[in-house]
Amino acid sequence: MTKKKKIKAKKPSLLFLLAVMGCTSTQPQQPASTESATPPPTAQMKLPAFDNYLLKEWLGPYGGVPAFDKMDLALLKPAMERGMELQLAEIDRITNNPEAPTFENTIEAYEQAGSALGRAMTYYSIWSSNLSTPEFRKIQAELAPKLSEFRSKISQNPKLFARIKAVYDQSQKTPLPADQQRVVQLIYEDFAMEGAGLSAEAKQRYAAINKELSSLYTSFANNTLADEEKYVTYFTKDQLGGLPESFVKAAAKAAADRGKPGQYAVTNTRSSMDQFLTYSDNRALREKVWNTYYSRGDNGDATDNNQNITKILQLRDERVKLLGYDTYADWRLQNRMAKNPKNAMALMEAVWPAALARVKEEVRDMQAVANKTGAKITIAPWDYRYYAEKVRKQKYDLDSEEVKQYLELGNLTQAIFYTAGELFNYNFTPVPEGSVPVFHEDVKVWEVTDKTTGEHIGLWYLDPFARPGKRSGAWASPYRSHTTYKGKETVLASNNSNFVKPAPGDPVLVSWDDATTFFHEFGHALHFLSSNVKYPTLNGGVRDYTEFQSQLLERWLSTDRVINQFLKHHKTGQVMPPALVAKIKKASTFNQGFATTEFLASALMDLKYHTLSDPTGLDPDKFERETLAALNMPKEIVMRHRSPHFTHVFSGEGYAAGYYGYLWADVLTSDAAEAFAEAPGGFYDKDVAAKLVKYLFAPRNSMDPAEAYRLFRGRDARIDALMRDRGFPVPGEKAKKK
């Protein structure tokens, strides 16, 4: 799965911008001045009228919707610049308020600030992720340092922090209502963690570092996207051996769309590459496709990212040392579930040996198949998927192409709707065509309502297909999050995928892995939609926890109810036969050596980079090779995300020193799945489902994640379930048997 970056579900505010831009910065304060009697912003304060559609209030049905049909790139830069001006004016109203700081005139006012800029940022993020063009990237490069300077003007505002600290200090003496107390705590800690006690000189350097990082993050992301667009592998009719018909048709269309009719194209995206490497009989071409994909950002040309990595690591290190931390990872993990790099590393090291042992078994099985068929080769990275598929057929009589015939996107969409209905009591209805603007003809929209009451919950947007200018992978984003502090705001949630668009008239058939990812990303959307929090900040999340809910939802794909109702053959309409289902379940731990090792290698590398005591002058290519060698990385596997295109970590800070979080969350996932499996009603048990929504989805970040999990499960999660899920030895299990 390419579980990309999910933008935190926050109401437009400085914190929202920090999450989107991936660059955080908050600074120290001085006592607030009382020289101005300007009143603070309130829920009733009138905002100025705008002639720029990117700043305007969202109008229309469903509580207002983005005017995606009026997106004009010429409006973007002026909208962003005007939005920043307006938010700074709102911050000035807060800091110049002569009244003593209170939750209402400081914290709530801060939560409310920046709504116009937040609307512009929604369009900005669409251009960045879904509709990127060279013209947009030029504007993006111009805006990145301006946004960084803007953030620093807020985060380094001494009067603002003084007011926030005053409210926080008072709340420690006289606690506020629980939700307000949590908001104050999170905002205060965010500012304090970012260096509220720095000297004026240090603050100036801190802001300069953030400004430079913002440009480097933009450069890294755009370089990766550029390599995905320009490095396309073309091939001819005599090179189609082994490829399924659906892929051949899609590849022909991809080539024709790029001006090469009569040829076939493997685009430089995971979904295209993965299919080709799994089925193509042409080993030389597999090697070419593999090298093209894993060399993104590492081609020694104008879009090479290695120097960007070194600069990013140096600047991150310098910045946290200004704050008194030994390493970036020490600073980053202090408010995560793991708490520190040692705990995160300990979890990965507990799983790593079992994954390596499984890889040896997998390679041995693949080499045996290759030898038996007379292929005089030694298994290489570009052979892994191809021979793994042959082993899968041999061991389990399971043909991935056969499975795909039952995984049609329309049926899968109905399957996720059914799951949401059973667990969350939601109903999904397509909105009338043309009633809600969309940014591309591929995007479809559904209204989400409560099945029992008919109450409107929100809208769900789906952008399913790969195209030039759209970043690879799959992700979920909220365009608007649930809040009630100034009137109920309903949710606008989106899912974005990169399925290969089929030839006209053909069905969209996906692999089991891609279907799993579809459920995963929908889990994030459900997390947005189910929110019951009052304040914007509470829609945020803890990075090594936010993947848990989505990873858990993956489990419903293989439930009997979903299989029997929605996994139907796209031609015959017949439900997936029990024998094939049994094969899938029997093979559920197949290739876990590969899946776990390629992920863990990236997660370990991320943490190794960010626990360096001094990354000055680092050679990323050399460091990657030497680190992997020290970890005994199998030569037949490469990191899921090699350093030069590791956008999770180097195009922002959302997953920096935090990519391990997928594994941390998967410990919770496996443990929670066993709670359902053990319940009388299984995965559709009403009591367990009610607790799932109440404690693990609806609260978002309104309570500590560890406490929320204990309320759901009655205890902390255990690693045993994770090891069972992957078919690895459970720690201590043998000793108990003896």
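The values are calculated or read from the model by the stated rules, or taken from the named source; none is laboratory data. This structure is a prediction, so every number in the text was calculated from the model and none was measured. Cβ placement follows ideal geometry from the backbone for every residue including glycine, while neighbour counts extend to all protein chains displayed. Surface areas here come from the heavy atoms of the whole protein model, side chains and all, with no ligands, DNA or RNA. Shrake-Rupley method; radii C 1.70, N 1.55, O 1.52, S 1.80 Å.
Inspect all residues belonging to segment 665-676 and state whether any of them is open to solvent by 10 Å² or more (accessible area, probe 1.4 Å), more than 18 Å from L347 (Cβ to Cβ), touching a residue at least 60 places away in the same chain (Cβ under 8 Å) and aliphatic (A, V, I, L, M). Taking every residue of segment 665-676 in turn, none turns out to be open to solvent by 10 Å² or more (accessible area, probe 1.4 Å), more than 18 Å from L347 (Cβ to Cβ), touching a residue at least 60 places away in the same chain (Cβ under 8 Å) and aliphatic (A, V, I, L, M).
Just a yes or no: is a residue in segment 717-735 modelled with pLDDT under 95, over 26 Å from the mean Cα position of the chain (by Cα) and β-branched (V, I, T)? Yes; the residues of segment 717-735 include at least one that is modelled with pLDDT under 95, over 26 Å from the mean Cα position of the chain (by Cα) and β-branched (V, I, T). Would you mind stating whether E653 is under 21 Å from the mean Cα position of the chain (by Cα) and of a type in the set (D, E, K, R)? Yes, satisfied.
Would you check if T106 is β-branched (V, I, T), over 24 Å from the mean Cα position of the chain (by Cα) and open to solvent by less than 20 Å² (accessible area, probe 1.4 Å)?
Details: β-branched (V, I, T): yes; over 24 Å from the mean Cα position of the chain (by Cα): yes; open to solvent by less than 20 Å² (accessible area, probe 1.4 Å): yes.
For T106, the condition - β-branched (V, I, T), over 24 Å from the mean Cα position of the chain (by Cα) and open to solvent by less than 20 Å² (accessible area, probe 1.4 Å) - is met.
Of everything in segment 430-440, what is outside any strand (DSSP E or B) and without any contact (Cβ under 8 Å) to a residue 24 or more places away in the chain? Give them in sequence order. Hits for segment 430-440 are P432, E433, G434.
Selection over segment 167-226 of residues that are part of a helix (DSSP H, G or I), more than 30 Å from H648 (Cα to Cα), among the aliphatic types (A, V, I, L, M) and open to solvent by 20 Å² or more (accessible area, probe 1.4 Å) gives a count of 2. Within segment 599-620, the residues that satisfy the criterion of being within 16 Å of M633 (Cα to Cα) and open to solvent by 10 Å² or more (accessible area, probe 1.4 Å) are F599, K608. Of all the listed residues (K501, K451, K393), the sole one being open to solvent by 50 Å² or more (accessible area, probe 1.4 Å) and without any contact (Cβ under 8 Å) to a residue 24 or more places away in the chain is K393.
Here K288 meets each of (1) assigned to a helix (DSSP H, G or I); (2) in contact with a Leu (Cβ under 9 Å, 6 or more places away or on another chain); (3) of a type in the set (K, R); (4) open to solvent by 10 Å² or more (accessible area, probe 1.4 Å) with one exception, condition (2). Considering M348, M337, M366, the condition of being surrounded by 16 or more Cβ atoms within 10 Å (Cβ to Cβ) and at pLDDT below 95 is satisfied by M337 alone.
For segment 480-496, filtered to residues that are open to solvent by less than 10 Å² (accessible area, probe 1.4 Å) and of a type in the set (S, T, N, Q), the residue that is nearest to V438 (Cα to Cα) is S494. Only one entry of V438, V443 meets the criterion of being of a type in the set (A, V, I, L, M), out of contact with any His (no Cβ under 6 Å at 6 or more places or on another chain), open to solvent by 20 Å² or more (accessible area, probe 1.4 Å) and at pLDDT 95 or above, and that entry is V438.
Yes or no, residue by residue, for (1) closer than 30 Å to E189 by Cα; (2) among the hydrophobic types (A, V, I, L, M, F, W, C):
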position: N539; (1), (2): yes, no
position: L552; (1), (2): yes, yes
position: L557; (1), (2): no, yes
position: V562; (1), (2): no, yes
position: F566; (1), (2): no, yes
position: P578; (1), (2): no, no
position: A582; (1), (2): no, yes
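Considering only residues in segment 361-385 that are assigned to a loop (DSSP other than H, G, I, E, B) and among the hydroxyl-bearing types (S, T, Y), the one that is nearest to T596 (Cα to Cα) turns out to be T378.
Identify all residues within segment 127-140 that are surrounded by 14 or more Cβ atoms within 10 Å (Cβ to Cβ) and not polar (S, T, N, Q); write none if there are none. Across segment 127-140, the qualifying residues are W127, L131, F136, R137, I139. For segment 298-308, the count of residues that are assigned to a helix (DSSP H, G or I), at pLDDT 95 or above and under 30 Å from I154 (Cβ atoms) is nonzero.
The residue pairs whose first member lies in segment 526-537 and is among the basic types (K, R), whose second member is part of a helix (DSSP H, G or I), and whose beta carbons are closer than 8 Å, counting only pairs six or more residues apart or on different chains, are K534/D179. Looking only at residues of segment 369-390 that are modelled with pLDDT of 95 or more and hydroxyl-bearing (S, T, Y), we find that the one that is surrounded by the fewest Cβ atoms within 10 Å (Cβ to Cβ) is T378. Reported count of residues in segment 594-646, each being assigned to a loop (DSSP other than H, G, I, E, B) and either among the aliphatic types (A, V, I, L, M) or closer than 20 Å to D326 by Cα (or both), is 14. Selection within segment 504-525: residues that are open to solvent by 20 Å² or more (accessible area, probe 1.4 Å) and of a type in the set (S, T, N, Q). The member of this set that is farthest from Y545 (Cα to Cα) is S511.
Does L333 count as in contact (Cβ under 8 Å) with a residue 12 or more places away in the chain and either within 28 Å of M723 (Cβ to Cβ) or in contact with a Phe, Trp or Tyr (Cβ under 7 Å, 6 or more places away or on another chain) (or both)? Against the criterion (in contact (Cβ under 8 Å) with a residue 12 or more places away in the chain and either within 28 Å of M723 (Cβ to Cβ) or in contact with a Phe, Trp or Tyr (Cβ under 7 Å, 6 or more places away or on another chain) (or both)), L333 qualifies. Restricting attention to segment 34-70 and to residues that are touching a helix residue (DSSP H, G or I) at 6+ places or on another chain (Cβ under 8 Å), of a type outside the set (S, T, N, Q) and modelled with pLDDT under 50, the residue that is most open to solvent (accessible area, probe 1.4 Å) turns out to be P39. You will find that of Y660, Y695, the residue that is farther than 18 Å from F599 by Cα, modelled with pLDDT of 95 or more, of a type in the set (S, T, Y) and surrounded by 17 or more Cβ atoms within 10 Å (Cβ to Cβ) is Y695 and no other.
Could you list, in sequence order, the residues of segment 391-429 that are at pLDDT 95 or above, at negative phi and assigned to a loop (DSSP other than H, G, I, E, B)? Result: Q405, Y406, L407.
Here the helices (runs of 4 or more DSSP H) wholly within segment 659-738 that include at least 1 residues being of a type in the set (S, T, N, Q) are 661-678.
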